[in-house]
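Below is one structure, written out as structure tokens; the observations come after it.
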Amino acid sequence: MSPVKSVPVSDVTMEIAAPGLTEPETDLARFKQRKYRPGRIAAALILICAVGMACAVALNWTNWTDPFRSSQYLLWSPLLRTSEPVTICVADLLPIEFKDQDWAQIVASMIAGHPPPTLREDETATPSTPFVDVEAAARLSGWINAHGKPFRVARSSALTLDDFRHEPVVLVGAFDNFWNITLLSNLRYHIQIDPTTKEEWIEDRQNPAMHDWKGSGKLLYSESSTDFALITRVLDRDTGNWILAAGGLGMHGTEAAGDLLSAPELSRALPDAVRSSKKNIQIVLKTTVISGHTGAPQIIAVHTW
């Protein structure tokens, strides 16, 4: 047997230590090469841009999708986007102490900007609301509920001006809803009445002599006629809140206005001006009534500001 050859300790140390010392240096070099590759920088930038775009989409989703929403939704949108529930205000006709012939004079005085007189109510009488106003309020409340917005229904005599400051309000009715008369008579289009002849019409403040949009206000629901109505969406400067009002000179006009605001098949009939959620808008409409049946609403004038 040949003798075992001895190896110097220094050589053994070098053979063992060399791999351990060179490996970290190799890994560090490779890491540096990978770290500064242009492709990886571009990928990181793309990822950052994608995250930013996703955030922008999340923040602006409502604004970006508005052009694809129905015209009815866009008309309602300022009221739907508030934090408070929508109040639907219907008229309640309380028997009061004044003669029928004085009613037109009182309304004309209120339209001119004078405060309503103090009239004593009959406390034994039960308040009543016109059937057409109730029907319109039911359709509007159904539309609001279908879009996930809470609402409440209130009588006009139960609301105060402070209520208008805290929540958006939908006014149903024209001459029978005194809030319509009190808050909206200073606008370009507004309801008007002759205190002597009791003729009713929608007046254009820019052309007050024009009485083309008029009705008698005395026709029965079953009679044939032509009726006019007014829809107003306005950020009221006195209350600082949104008001949407729908009311006709007669019952058929109120019914047509309610249809235009709630019937999906009529959404395309609304003007393009409703697509702006920041503008105030007024729509004058006409409807033809045949044997008590209200026809489709026809828009005859639009004003925005």
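The values are calculated or read from the model by the stated rules, or taken from the named source; none is laboratory data. All of these numbers come straight from a predicted model, not from anything done at the bench. Backbone-built Cβ (ideal geometry, glycine too); neighbour counts: all protein chains shown. Each accessible area value is taken on the protein alone, full model and side chains, heavy atoms only, with ligands, DNA and RNA left out. Shrake-Rupley method; radii C 1.70, N 1.55, O 1.52, S 1.80 Å.
Worth a mention:
- Scope region 187-201; condition polar (S, T, N, Q) and either at pLDDT 95 or above or in contact with a Leu (Cβ under 8 Å, 6 or more places away or on another chain) (or both); matching residues: 192
- A residue that is aliphatic (A, V, I, L, M) and in contact (Cβ under 8 Å) with a residue 60 or more places away in the chain occurs nowhere in region 291-298.
- Residue count for region 178-195, restricted to those that are more than 15 Å from residue 110 (Cα to Cα) and of a type in the set (Ser, Thr, Tyr): 1
- For region 140-179, a residue qualifies if it is assigned to a helix (DSSP H, G or I), buried (at least 16 other Cβ atoms within 10 Å of the Cβ), at pLDDT 95 or above and not aromatic (Phe, Trp, Tyr), and the qualifying residues are 140, 141, 144.
- For residue 206, the criteria (1) modelled with pLDDT of 95 or more; (2) of a type outside the set (Phe, Trp, Tyr); (3) assigned to a helix (DSSP H, G or I) hold in every case but one, which is (3).
- Answer residue from region 248-262, given it is free of Cβ contacts under 8 Å to residues at least 60 places away in the same chain and among the hydrophobic types (A, V, I, L, M, F, W, C) and is farthest from residue 227 (Cα to Cα) among those: 260
- Test result for residue 86, within 30 Å of residue 198 (Cα to Cα) and modelled with pLDDT of 75 or more: no
- When restricted to residues that are open to solvent by less than 20 Å² (accessible area, probe 1.4 Å) and polar (S, T, N, Q), region 249-279 contains 3.
- Filtered by the rule that a residue be open to solvent by less than 10 Å² (accessible area, probe 1.4 Å) and aliphatic (A, V, I, L, M), region 235-248 gives 243, 244, 245, 246.
- Scope region 138-176; condition closer than 13 Å to residue 244 by Cα and more than 16 Å from the chain's Cα centre (by Cα); matching residues: 173, 174
- Residue count, region 273-294 (criterion: of a type in the set (D, E, K, R) and either in contact with a helix residue (DSSP H, G or I) (Cβ under 6 Å, 6 or more places away or on another chain) or not in a loop (DSSP other than H, G, I, E, B) (or both)): 2
- Where a residue in region 132-158 is more than 21 Å from residue 264 (Cβ to Cβ) and in contact (Cβ under 8 Å) with a residue 12 or more places away in the chain and its partner, wherever it lies, is among the polar types (S, T, N, Q) and assigned to a helix (DSSP H, G or I), with Cβ under 8 Å and at least six apart: 133/254; 153/141
- Pair list, Cβ < 9 Å and 6+ apart or interchain, from region 192-217 residues that are touching a residue at least 40 places away in the same chain (Cβ under 8 Å) and surrounded by fewer than 17 Cβ atoms within 10 Å (Cβ to Cβ) to residues that are assigned to a strand (DSSP E or B) and of a type in the set (Phe, Trp, Tyr): 194/201
- Checking each residue in region 238-247 for being modelled with pLDDT under 95 and either under 20 Å from residue 201 (Cβ atoms) or over 17 Å from the mean Cα position of the chain (by Cα) (or both) picks out only 238.
- Test: residue 232 is open to solvent by less than 30 Å² (accessible area, probe 1.4 Å), under 19 Å from residue 202 (Cα atoms) and in contact (Cβ under 8 Å) with a residue 24 or more places away in the chain: yes
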